[in-house]
Every structure is written in structure tokens, then in C-alpha cells.
């Protein structure tokens, strides 16, 4: 009996476990071939008098079929490696899809059909969401260079291909550099101060590598633990040097995986692309679908945030310096900051901050976050057990409303060597309704990247882990709870970064609410909760000397934006970095630090967009004021938020949605040039 390609079958939930390397290329080639024929037929029938159903929805179906198949491939490519055969096949698929999408967005006849629909008498009576769909699609054609002369269109195609290749090379260098370094520890005394769970994991690393003792690797979680808790100062320094010089001309593997030349070329190619499309720089191009009105507004916003935070930066720096003397450290170095800050935090607590983990077991927190979401947004969330998954640890939650399923959330909780070293949310399927009224349900996937525990031990979350889970869950609810039927508007991947990060930033706010934590926390053994006094002390401790993290985020946002805004002014990446550092003197990084070389945000869709975290956090803080005013468990407030922010999808601006939810204009001093203009 012939093998049936699972990527070519209709499915309610992705057939993850059934997909093998040999399925990839035949499936994508077949879908692209079918799509080409379908587009040709659509153009033939819709050139003269296009209609919504027969043009818009018909093309959406072709896009959705390809995107959903690639969504499965991309998830499996990230979280489950199947040898060279998979790598080759998935690479072939990505190249074929990129070529097809370039071809489709260069199709003059299809573009003209959309233009005719937008200019038709029927379109004048469309609701705001349909008008938003048409506006977005026509903008995509123009960003693809549809209005450019043929030779410039070809130049843009080459630039896009080069940019994608450089982004992949950057990530490959970073992965190789991280894998190249490790440190064997034979004396447990060197690990003094590290939590027991961390030491157990380092011992497991060693056993898996065929060694005794402990093995430290260059992953983000281990880095956070060593910097915050390791008493051995030379160990912290050695690890800091290895981590901060990855993929650079410095450090233990200097020049071996150097992303410096890659980044310089990538920035130059992005700049050329922006110029070709009529923009002054790539930063300006990146704002075309954002709330911000200009590059000046973003730069001014970030610098205003720096000015507002500078007093606390300086106060914390002086306090840390004074405290360091008592710890025998005459001059505070970058590898001392988190360690000393953690020591200071512990002074305000009766018990170690690390012991808070006992009150945040992953299973219990998941139950609570589902209950909370059910209460606030009027849905039901039930975990499923029978489904196709890519790893035994993967979990699935079905979201329903009025006894009808409305979407699905997958959770891949633990970090694995083959997966990226950061948490993220993927959206393999958007909500959409076809011309016959058939509804396709949205799917989101959370990758929280927690450290897997040893057998018979529960996964216990730090407060930072808790914030990560809530952040990513916020993204998922934003994706699932939309009521938009439009494929182009319903997914969070369709949003500008300053909008798409909002829900995640808002959901983190609950993790700092005493009332919420009183309800949320429960000891994994006894079920006992935290007292109000314990929570108050913990929150004060967590937020004590947090300016280091705030300063780093602001520096990252400024650095990323300035790199893309100032390209071509004669400064190197290093010179831009040093200039930005002067604006935040609180952060004194070593001369050998090469933040840019391992700054993966710039090659994972956040180029000239890292500022969005600070921007959206400012809006999230405003939105949370109503939850605090009304009571954070207020059902009516939750319903109002869902209707104003989640339901519309991308049919109106987040600023407008928030003003509806807050029942007042946003404060003019948040973004002076953007509000009320």
C-alpha cells in the first residue's frame, strides 16, 4: 500500500508524529503547483469584476494551505532534528516557498485584480475589517516592489534572498559558537551557591557527555544561574567572557564563528532594500506597519525612557558599589552585577528567594492560568491527552466557548539541545472563514524553554519562569480569542511588533500583583499558599536592583534601532554600540564584549524592532491600571478587554482599542507625537 503524505491530507490538528523527511519536498512542491494553477484560474475569472469571495477568500485558501504545511515543517525543524535528510529537505522547502511568494507578490495581474476590488462600488460599503484586509494586502505588494521597474524588482529579489541567507548564517554561527564551549567541573566547591536543581542538571550534562562531575554549557538558563548565584568569582568571570564574546573576534573561540562581518553585510543589504523601496533607512521601513509615526519618535521615546530611569540606575549603581566593598569586591565588574544584586535582594527576605519556586509548580500554575483565563474571558480550557506530538513532553489544551471549540494551544515546556535557547510562541494556523462559511480554528504553540527536572521531581518555576509562562500564554490568548474571520487579520504574526508584544507584556503584570499571587501560589507538597507579607517582601526583593535588566533592554532597543537608522553614516557596528553605551553609563560592559554578535533578535524578525518591548510595556502598564482599579478578577473588565483588544484582530490600531478599553484617551506624554494626531 503506498505511503500517504500526511502534509497533503486534511487535518483538524497537525499530524506532527507522522511527518518524516521524505514527505517534505513532495508535499510543498505539490501545494505550490496547485496554488499556481489556482491563482491562474482566479485571475482569469476575477480580472474584470472581482468579488470578495472569489478573489480575496479564494487566494486566502491557497495561502493558508501552504502556510499551514510550512507551519508543521517549521515547528519540527526547530524542535526535533531528524538528521541531514530533514535539514536538506526543509531547506529545499524554504527556498521553494520563498521563490513562490516572491513570484506571487510580483504578479501584476493579481495585484491589479486587488486594486480593482479596492476601487469597486462594493468596496466602498465594506466594513472596517474588510477595508483593513485590502489595505494590508495592497501594502504587501508595494513592499515587494510591484511598482518598481523590472530591473529594480530583480535587484530587490536578490537582496531579499541575500538577507535571508545572512540571517540563517548568523544563527548558525551563534549555535556553533555556543556548542563549542563547555567547562568541566570536578570539584563541587566551585559550584558553591548554585541551587541544587542547577547542580543536578550540570551533573546530568556531564553524564550525557560521558564525564564524571559537572559540565557547564553556554545556554541562557545556566548563564542566568551562574551569574546570579555562583560564589566563585573567577568562574563567573570565565563564563561571562565566554558568553559575551560568542561568535566574535574575541574570547575563547576568537574569529572561529565570527558574526561581525555577517552583521555588517546584513545591515548594508537591509539598508539597500530600504533605499530601493523609497525609505531613508531600514528603521524607517520597519515602521511602515507600526504605531510609531517616525524614527525620530521612537528614538525620542527610548531616550526619554533612559532619562526617566537614570536616577534609579545611578542609585542602584552606588548601592551596589557600597555593598560590594563589604563582600570583598573593590571594583564591580559586569560579572558581579547580578550576583551582588541577588545578595542584596536576599537581605529583605526571611527565606531565600529561590525557595519561592516551591510555590510555583508547573502543573499547578497551568491549572491556575487556565482557570483565570476561563473566568476573565468566558472560555473553557481543557487539557487533551490523545493527539499527535513531536515529543512526549508536549501538551495540548483545547479552548472552547459555548460548548464549541474555538482553538488549540500546544505547550512544549522544556529546553532540549536541538531547540533554540529562548522561549517563544509560534502560530502555525490563523483563524479564518471560507466562502461557504466553514471555520478553521487557530493554533498556537508555546515553547517555554524551562529546564527539565530529574525523574520523580516536579518542575518548579522561578518568578522569572512564571513571567515567561504568562508572557507566552498572553500571546496565545491574543491569537486564539480573536473573532476576526479574516486570514490576513486574525493571527498575531500579522501584527506589528509593537502590537504583537502587548498581550505578553500585559500578562506579566499579573505576576507582580499581590492579590493575584495570593491566589496563584501553592506549595507543591502541602498546597499551602504564600502570606501577604511573604509576597510583599518577595516582590520588593525581585524589583530591588532590577535597573540592570531595564538598562540592558533600553540599550538593546536603542542599539538595534540606531544600527538600522544610522547605516551608511560611516560608523561601524562597534562604534554605534560604544556611542549607545555612552547614553547609558550605568552599563559598563568590558571592551571585549560583543553583544551584537550574539544578538539573535536582529535576525529573528525583530530587526529595528527591539524597542517594541519597551513601547508595548508602556501600553501594558496603562491597560493594567483598569484591572487594578476594577479588581484584577473582575469578569466584566476581562470581557471588556477581550472585546476591545483581542476580538478585532488587526482591523484597528492598538491605540484605538486601548482607548476603548480604558474609556479615556491615553496620556499625551506616553507618545507625544502619536496620540491625538
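The values are calculated or read from the model by the stated rules, or taken from the named source; none is laboratory data. Predicted model, so just to flag it, every value in this text is computed and none were measured. Cβ atoms come from the backbone with ideal geometry, glycine included; neighbour counts cover every protein chain shown.
Residue-level check: of (1) under 30 Å from residue 188 (Cβ atoms); (2) crowded, with 17+ Cβ neighbours inside 10 Å; (3) in contact with a helix residue (DSSP H, G or I) (Cβ under 7 Å, 6 or more places away or on another chain); (4) touching a residue at least 40 places away in the same chain (Cβ under 8 Å), residue 225 misses just (4).
When 330, 324 are screened for being modelled with pLDDT under 95 and in a loop (DSSP other than H, G, I, E, B), only 330 passes. If only residues of segment 178-198 that are closer than 17 Å to residue 236 by Cβ and under 29 Å from the mean Cα position of the chain (by Cα) are counted, the one that is surrounded by the fewest Cβ atoms within 10 Å (Cβ to Cβ) is 182. Tell me yes or no: at least one residue of segment 428-439 is surrounded by fewer than 19 Cβ atoms within 10 Å (Cβ to Cβ), closer than 18 Å to residue 198 by Cβ and not assigned by TED's automatic domain parsing to the domain that holds residue 74. Within segment 428-439 (the criterion being surrounded by fewer than 19 Cβ atoms within 10 Å (Cβ to Cβ), closer than 18 Å to residue 198 by Cβ and not assigned by TED's automatic domain parsing to the domain that holds residue 74), the answer is no, since none of the residues qualifies.
Cβ-Cβ distances below 9 Å connect the following pairs, each with a first residue in segment 115-126 that is assigned to a loop (DSSP other than H, G, I, E, B), a second residue that is loosely packed, with under 14 Cβ neighbours inside 10 Å, and a separation of six or more residues or different chains: 120/49. Within the bounds of segment 455-476, is there any residue that is under 22 Å from residue 645 (Cα atoms) and part of a loop (DSSP other than H, G, I, E, B)? Checked against the condition, which is being under 22 Å from residue 645 (Cα atoms) and part of a loop (DSSP other than H, G, I, E, B), segment 455-476 yields no hits at all.
Residue-level check: of (1) closer than 16 Å to residue 187 by Cα; (2) not in a helix (DSSP H, G or I), residue 247 misses just (1). Where helices (runs of 4 or more DSSP H) fall entirely within segment 478-596, those with at least 1 residues that are over 19 Å from the mean Cα position of the chain (by Cα) and under 30 Å from residue 238 (Cα atoms) are at 532-543, 547-565, 573-583.
Would you check if residue 164 is in a helix (DSSP H, G or I), touching a strand residue (DSSP E or B) at 6+ places or on another chain (Cβ under 9 Å) and over 30 Å from residue 485 (Cα atoms)? It is false that residue 164 is in a helix (DSSP H, G or I), touching a strand residue (DSSP E or B) at 6+ places or on another chain (Cβ under 9 Å) and over 30 Å from residue 485 (Cα atoms). Being more than 26 Å from residue 170 (Cα to Cα) and outside any loop (DSSP other than H, G, I, E, B) is a description that applies to residue 627.
State yes or no: is residue 303 surrounded by fewer than 19 Cβ atoms within 10 Å (Cβ to Cβ), over 23 Å from residue 440 (Cα atoms) and free of Cβ contacts under 8 Å to residues at least 12 places away in the same chain? No; evaluated as a whole, the condition is false for this residue. From the list 651, 657, the lone residue that is modelled with pLDDT under 90, within 27 Å of the chain's Cα centre (by Cα), within 21 Å of residue 431 (Cβ to Cβ) and buried (at least 19 other Cβ atoms within 10 Å of the Cβ) is 651. Could you tell me whether any residue of segment 75-89 is closer than 26 Å to residue 438 by Cα and part of a helix (DSSP H, G or I)? Yes, that holds for at least one residue. With the requirement that a residue be outside any loop (DSSP other than H, G, I, E, B) and surrounded by fewer than 17 Cβ atoms within 10 Å (Cβ to Cβ), what does segment 228-237 give you? Those that are outside any loop (DSSP other than H, G, I, E, B) and surrounded by fewer than 17 Cβ atoms within 10 Å (Cβ to Cβ): 233, 234, 237. A single entry from 416, 368, 345, 357 fulfils the requirement of being part of a helix (DSSP H, G or I) and either within 30 Å of residue 641 (Cα to Cα) or under 22 Å from the mean Cα position of the chain (by Cα) (or both): 368.
With respect to residue 547, is the statement that it is more than 30 Å from residue 648 (Cα to Cα), touching a residue at least 40 places away in the same chain (Cβ under 8 Å) and touching a helix residue (DSSP H, G or I) at 6+ places or on another chain (Cβ under 7 Å) true?
Yes.
If you check 24, 76, 66, which single one turns out to be without any contact (Cβ under 8 Å) to a residue 60 or more places away in the chain, buried (at least 18 other Cβ atoms within 10 Å of the Cβ) and either at positive phi or outside the structural domain of residue 414 (by TED's automatic domain parsing) (or both)?
Going through 24, 76, 66 in turn, just one is without any contact (Cβ under 8 Å) to a residue 60 or more places away in the chain, buried (at least 18 other Cβ atoms within 10 Å of the Cβ) and either at positive phi or outside the structural domain of residue 414 (by TED's automatic domain parsing) (or both): 66.
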